[in-house]
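A.B. asks: Encoded as structure tokens, here's the structure I'll be asking about.
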Amino acid sequence: MVRRRQIYEGKAKILYEGPEPGTIIQYFKDDATAFNAQKKGTINGKGVLNNRISEHVFTLLGNIGVPTHFIRRLNMREQLVRQVEIVPIEVVVRNVAAGSLSKRLGIDEGAQLPRTLLEYYYKDDALGDPLITEEHIACFGWASQEEMHDIADMAIRVNDFMSGLFAAIGIRLVDFKLEFGRLWDGDYSRVILADEISPDGCRLWDMETGEKLDKDRFRRDLGGEVEAYQEVARRLGLMPEESEEPTVLDLDKHRKKKGG
Ligand code: TMP
């Protein structure tokens, strides 16, 4: 087996050097962390589900013209992506009050916000990813004005698209986190959507029951994490449906087993 060069290991993913220059392999782990890695655990099968869910969402976003780093899925746990220089800002988009917003400002969880709220956090684990303003971003040069304009524009487009995508399958998109990266072409760069979009970085509530179908199940010790992620994948049409009728594939398996 050829050993690949590991570039970086994060909390939920490992990045390896890709097969061609300018490409990276994203490997999705089952590891889960919360509260800046103070809480650690594993969610068996999460990596496989997130790889598939993220592939699906990034492909659809690409189809509507949002530039993303996604190239193609390689296998159950890996996808090939474009190598980018990550902008050190986590962009959180909120439609409904929850989590840290509710805690910080005393707003009831579940309250619909009067308008979509964009928040920025400085990506620095040692500092616990502090909330920042565009003034901080400009002051310290973490991104240019033009990049921030493009980032905000893309975040809103992603939110509009994903809100509809999830509403159609009975899921309320409460909030989510995005990351962006710079794609260099000589002396010029443009920002594109990077990282992943999965129940790890989104709050997804069942529209009828309010049940949480995301990483809050892990953060808040609710249990049933895998089932929740599977349910999201199933509603997105990414899981093989149970069916009464044997499919052609099932029949094939049956024949092979019988040696026929
Ligand atoms: P928050 O309410 O804890 O600030 O989280 C807002 C959204 O961002 C939620 O959907 C989870 C996601 N998120 C991440 O993906 N990574 C993080 O480190 C944090 C704090 C939140």
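A.B. asks: Just to verify a number: what accessible area does Lys11 come out at with the full protein assembly present, 1.4 Å probe, Å² rounded to tens?
C.D. replies: The accessible area comes out at roughly 80 Å².
A.B. asks: Using a Förster distance of 30 angstrom, determine the FRET efficiency expected from the C-beta separation of Asn75 and Leu118, and round it to 0.05.
C.D. replies: After rounding to 0.05, the efficiency reads 0.30.
A.B. asks: Using R₀ = 25 Å, calculate the FRET efficiency as 1/(1 + (r/R₀)^6) where r is the Cβ-Cβ separation of Asp221 and Ile7; round to 0.05.
C.D. replies: Step by step, r from the Cβ atoms, then E = 0.15.
A.B. asks: Still on this structure: Around Arg115, under 15 Å between beta carbons, what's the net of Lys plus Arg minus Asp minus Glu among the other residues?
C.D. replies: Neighbourhood net charge equals -2.
A.B. asks: Same structure again: Helix-only mean residue ellipticity at 222 nm, the chain, DSSP H runs n ≥ 4 weighted -39,500 (n - 2.57), per residue, nearest 500. What is it?
C.D. replies: Helix-only estimate at 222 nm: -9500 deg cm²/dmol.
A.B. asks: Another one. Whole-Hz Karplus ³J(HN,Hα) for the range 203-217, in order, using 6.51 cos²θ - 1.76 cosθ + 1.60 and θ = phi - 60°, x for Gly and Pro?
C.D. replies: Per residue, the Karplus-derived 3J(HN,Hα) values read 9, 10, 10, 4, 5, 8, 9, x, 4, 7, 10, 8, 5, 4, 4 Hz.
A.B. asks: Connecting C-alpha atoms closer than 10 Å in a GNM of the chain, tell me which of Ala138, Ala233, Ala32 has the biggest fluctuation.
C.D. replies: Ala138
A.B. asks: Please compute the net charge surrounding Arg72, taking Lys and Arg as +1 and Asp and Glu as -1 over other residues with Cβ under 15 Å from its Cβ.
C.D. replies: So the surrounding residues net to 0.
A.B. asks: Relative contact order of the chain, please, whole-number percent, based on alpha carbon pairs below 8 angstrom and at least 6 residues apart.
C.D. replies: Across the chain, relative contact order equals 16 percent.
A.B. asks: Leaving out ligands, DNA and RNA, and with a 1.4 Å probe, what % of the accessible surface on the range 39-137 is carbon or sulfur?
C.D. replies: The value for the range 39-137 is 50 percent carbon and sulfur by accessible area.
A.B. asks: Collect residues whose amide H, placed 1.01 Å from N in the peptide plane, falls under 5 Å from the amide H of Glu196; neighbours closer than 5 in sequence don't count.
C.D. replies: Counting only residues 5 or more places away or on other chains, the set is Glu179.
A.B. asks: Also, I was wondering about something else. Using the Karplus curve 6.51 cos²θ - 1.76 cosθ + 1.60 with θ = phi - 60°, what ³J(HN,Hα) values do you get for each residue of the range 101-114, in whole Hz, with x for Gly and Pro?
C.D. replies: With the stated coefficients, the range 101-114 comes to 5, 4, 5, 5, 10, x, 9, 4, 4, x, 6, 5, 7, x Hz.
A.B. asks: Amide H of Thr23: which non-local residues (sequence gap of 5 or more, or other chain) have their own amide H closer than 5 Å, using H built in the peptide plane?
C.D. replies: HN-HN under 5 Å from Thr23: Gly18, Gln83.
A.B. asks: Another question, then. Considering only C-alpha atoms, what is the centroid distance from the range 15-52 to the range 73-104, in Å?
C.D. replies: When both Cα centres are located, 12 Å separates them.
A.B. asks: Quick check: convex hull of the Cα atoms in the range 48-204, volume per residue, rounded to a whole Å³?
C.D. replies: Normalising the Cα hull of the range 48-204 by residue number yields 131 Å³.
A.B. asks: Pull up all non-local amide H partners of Lys29: gap of 5 or more, or a different chain, and H-to-H distance under 5 Å with H placed in the peptide plane.
C.D. replies: Those qualifying (amide H under 5 Å, at least 5 residues apart or on another chain) are Lys13, Ile14.
A.B. asks: Now for a separate question. How much accessible area per residue does the chain have, counting only protein heavy atoms and a probe of 1.4 Å, in square angstrom?
C.D. replies: 55
A.B. asks: Taking springs between alpha-carbon atoms closer than 10 angstrom, which of Ile169, Ile89, Ile192 fluctuates most in the Gaussian network model of the chain?
C.D. replies: Ile169
A.B. asks: Further question: With θ taken as phi - 60° and the coefficients 6.51, -1.76 and 1.60, list the Karplus ³J(HN,Hα) couplings across the range 146-155 in order, rounded to whole Hz; mark glycine and proline as x.
C.D. replies: With coefficients 6.51, -1.76 and 1.60, one gets 5, 4, 5, 5, 5, 5, 5, 4, 5, 4 Hz.
A.B. asks: May I pose another question? Angle between the Cα long axis of helix 225-235 and the longest principal axis of the chain, 0 to 90 degrees, nearest 10?
C.D. replies: The answer is roughly 80 degrees.
The values are calculated or read from the model by the stated rules, or taken from the named source; none is laboratory data. What you are looking at is a predicted structure, and each value in this text was computed from that prediction instead of being measured. All Cβ positions, glycine included, derive from the backbone under ideal geometry; neighbour counts span all protein chains shown. In case anyone asks, the SASA skips ligands and DNA or RNA and just uses the protein heavy atoms, side chains included. Shrake-Rupley method; radii C 1.70, N 1.55, O 1.52, S 1.80 Å.
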